[in-house]
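Below is one structure, written out as C-alpha cells; comments come after it.
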C-alpha cells in the first residue's frame, strides 16, 4: 500500500504520525489575491509536492495518486508492464486545471489546450496507469467523499468475482479553489483544528492526499510469494436518498452499509475489534455516524474503540476512504487504535463512544472503515489481519 | 459465467424527443451545429422550485431515469444505481466560478456547488425514486455509456444487485465546447474520421445533450413478461463474430484511432460480413452519452426491427462491412472506444432468442 497526505509521503511516515499522535494540519492561505484568508488545512508538504507551481496545480491529483501507486506497487513487488487494473475514486480529480482554463478564457487570453486533456476525473487513473505501465482496465468512480472506499470496494468485488486478478485501487484528491470555496459556501469549514465527536466541534478542515492498495486474489499472492498485509473481507454500500449535502441524522444509511459489509464477510457484528470512522467533525456527520454504530453494535459500542484521523490529515474528500483503509491496515499490523487528535470533551450525545485523543494499544484482528459522501453515498470496508 | 441480462425498460431525453421511436426520425445535424433540449418536461414527484435549482444534467437524468423505471414496471429493493458521466454538471460549475471570480468566496453559491458536484445526478435520482441499495457514478470518456451497461450486467450476474438502473447524461456547456474546439476535436473544421457524415461540406460533428437510462435485470426474473431485448457485455478478444450489424461510436475525436482498431478486430473475428452503422452523425458528439444512445439504437433495432440511415463510410473500412443492413437485425454489436484507448462492447439480441438461453 502507498499513501501521501499532509503527514508526508509513505506508509512509514503515517505509522510514525499515528504512534506519535502527530498532526499534519497547519494554517494555510486559501483563495487568491484580495480574498486570501487563513484556514487550517491538511496540505501535502511542499517538499513532497510543491504547491505554488502552476504545472503541479493542474494535475495535482494525478501526481498524488501516482506517488501512492508507486509505493504500493513497490511494496507488493509488482514491476511495471503488468496487466493490473487501476480503480480510483475522486470527487474533483484535477479540477484545478479546469479552473485555470476557465480563468484564462474569461480574461480573454488563449486558454492552454494542455489543460483540457488532464482536468477530467478519469485522467487520474490514466496517469497512474501510464506512469507505472499498468496495462489493465482503468475505472474512475465518483461517490463524493465515499469515493476512495467505493473504489476499493468495487475492486474487492472484481477480484472476488474472478473478473480481475490484480487491481491497484484507491482514492485521490487535491485541494483546489472549487472545493475550498464550495465547502466555505456551505459553512462547513472550521477556523480551528477540527475536533471529531467533541462537544465543541464546529466543522471540518480540508485536506488533500491519496492512498492506493494493491488487491489481489489471496491464493495468487501466496503463489507469487507476496507478503499479504491484510485481507479485505467485506464491502457494503448504501444511498441515503435524503439530502444533497447533509447526512441523515438517524444514521440509517451508514448502518445499512455497515451491516451489508458485515453480512458480505459472513462475520458476526460482535467480532469487530475497531471501527475507523469517517468523523469529519461537522455537527451532522458525527451525529449520523454515532447513531449508525449505536444501531449496529448496541451495548457493545462502549467497548469498541473507534477513531477519526481527519484531525491528522484533514478531510481529503475522494481520497479519505483510501487513506482510512491504509490507517486501518496499520492498526491491524501495529496493534494501535489511531488517536483522534483535538478530541477533549466527548459530546454527551455520544456517551457510549470509546474514543481517545491518544493512540491506544489494542490487539486488533478485524477492523471496519466507514465513509460518507454528499448526496448520501455511504460505503464501508472490512479488513482482517493477515497471519505473520 | 453467463453475463446476459434482460432490458426491461428504457428512458431518454434529447433534442430529438423523449421516445425510442423519436430516434428514428432524427434529421442529420449540420456540421458543427449545437442541438439543445428546449425544455425538460415536468418530472413527477419533483417540485418546480427544486427543478429550477438543478443543473440541466440532473434534470435530464431524473427524467430519463424515471421513465426507464416506469417502463420496467418493476421495483426491487436491491436495485443498483449507476450513472456514467464524462464532464459532470458543467454549467453549475461555471456559474459557481463566475461568482467566485467576480465577487469572492463569500458570494459563491452553495446551491451551485452542491448541484455542481459530480454525483448530483445520482443523488437526485436516488432521492426521487427512493433507491437506497447502492451504486456510484462512473466517470469515463467516449465509451463510458457502453462501459456502464457492461459493468452493471456483470455486477448483476455476480449477484451484487437484483437489477440495475444504469444511464448516462451530458449537458451542453459552451466552455466544454470551446475547450474541445481549442484541441481541434470539435467544430466544422474538425478532420473527418471513420464516418463521413457530410462529404464535401466540412466534416466535423455537431454537439448535443440529453440522457438515456436502461433497467437491467437477470434473465431469471422474466417469468411473467419478455424483456425488450437482451444485452451481454463482449470482450472483443473473445468475440467470434455473428452479429447482424455493428454500431460504431466513432466521430471526429481523438478516440477514432482506437475505434478503427476495434472495427478491424470485429471484421476479422469470423462469421458473415456485418452491416455497419455510425450513430454519432445522427446525435452529434455527446461524449459518454453517445455510447449509451448507440445502445438505445441497438435496442430499438433488435426489439422493434427499426431501421436507421447509413452514412458514407471511410474508404479504409468500407470493404470490411456491409454499408447497410439487408433486413431487420436480430443481433447488434455496439462498440465504443474512449480517447484513453479503452474499448467497450456489448451485444444486443432480440427477445426471441430468450427461449434459447
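Readers should treat all values here as calculations from the given coordinates under stated rules, not as data from a laboratory. Keep in mind the model is a prediction, meaning the values are calculated, not measured. No Cβ is skipped: glycine too gets one built from the backbone with ideal geometry, and neighbour counts run over all protein chains shown.
Here are the numbers for this structure:
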item	result
FRET efficiency for residue A:351 and residue A:269, using Cβ-Cβ distance with R0 set to 25 Å, rounded to 0.05	0.80
Footprinting exposure proxy for A:43, B:292 (fewest neighbouring C-beta atoms within 10 Å first)	A:43, B:292
By average C-beta atoms within 10 angstrom, highest first, the peptides B:242-250, A:213-221	B:242-250, A:213-221
Mean Cβ count within 10 Å, highest first, over the residues of peptides B:222-228, B:104-110	B:104-110, B:222-228
R0 of 60 Å, Cβ-Cβ distance residue B:70-residue A:365: FRET efficiency to nearest 0.05	0.80
Estimated Rh, segment A:2-385: Kirkwood, alpha-carbon pairs, angstrom	20.3 Å
Segment A:270-290-segment A:159-183 distance, computed between alpha-carbon centres (Å)	21 Å
Expected 222 nm ellipticity per residue - DSSP helices of 4 or more, -39500 (n - 2.57), all of chain A, to 500	-10500 deg cm²/dmol
When the convex hull of its Cα atoms is projected in every direction, mean area for segment B:92-162 (nm²)	6.3 nm²
Modelled FRET efficiency - R0 35 Å, residue B:272 with residue B:36, Cβ distances, 0.05 increments	0.30
Pair residue B:25, residue A:333: separation of 7 Å Cα→Cβ label points (nm)	6.4 nm
Most mobile of A:254, A:336, A:323 in a GNM of chain A (Cα contacts under 10 Å)	A:336
Exercise: per-residue mean of other protein chain Cβ atoms within 10 Å, A:157-170	2
Stokes-Einstein D (µm²/s) once Rh is taken as the Kirkwood radius of segment A:1-104 over alpha-carbon pairs, at 4 °C in 1.567 mPa s	83 µm²/s
Whole-angstrom gap from segment B:218-294 to segment A:56-83, using each part's C-alpha centre	33 Å
Test item: A:202-209 mean partner chain Cβ contacts at 10 Å	0
The protein assembly as shown shape via C-alpha gyration tensor axes, a/c threshold 1.5	prolate
Highest-fluctuation residue, A:204, A:332, A:115 considered, GNM on chain A with Cα pairs under 10 Å	A:115
For segment B:1-88, diffusion coefficient by Stokes-Einstein and Kirkwood Rh (Cα), 37 °C, 0.692 mPa s, µm²/s	215 µm²/s
Shape call, chain B: gyration tensor on alpha carbons, a/c limit 1.5	oblate
Among beta bridges that DSSP assigns inside chain B, antiparallel share in %, nearest 5	60 percent
Relative contact order [Cα under 8 Å, 6+ residues apart], segment B:198-337, whole percent	36 percent
Calculated P(r) tail over 15 Å for segment B:136-189, as whole % of Cα pairs	60 percent
Cβ-based exposure ranking for B:183, A:41, B:164, B:295, in which fewest neighbours within 10 Å come first	B:183, A:41, B:164, B:295
Alpha-carbon centroids, segment B:34-52 and segment A:304-322: separation in whole Å	38 Å
For chain B, built as a Gaussian network whose Cα springs stay under 10 Å, the top-fluctuating residue of B:73, B:35, B:144	B:73
Space enclosed by the convex hull of the alpha-carbon atoms of segment B:232-351, per residue, Å³	94 Å³
Interatomic Cα distance distribution for segment A:208-250, bins of 10 angstrom, percent	18, 29, 26, 17, 9
Residues B:5, B:343 arranged by fewest to most Cβ contacts within 10 Å	B:343, B:5
Where labels lie 7 Å past Cα in the beta-carbon direction, separation of residue A:358 and residue A:224 in nm	4.1 nm
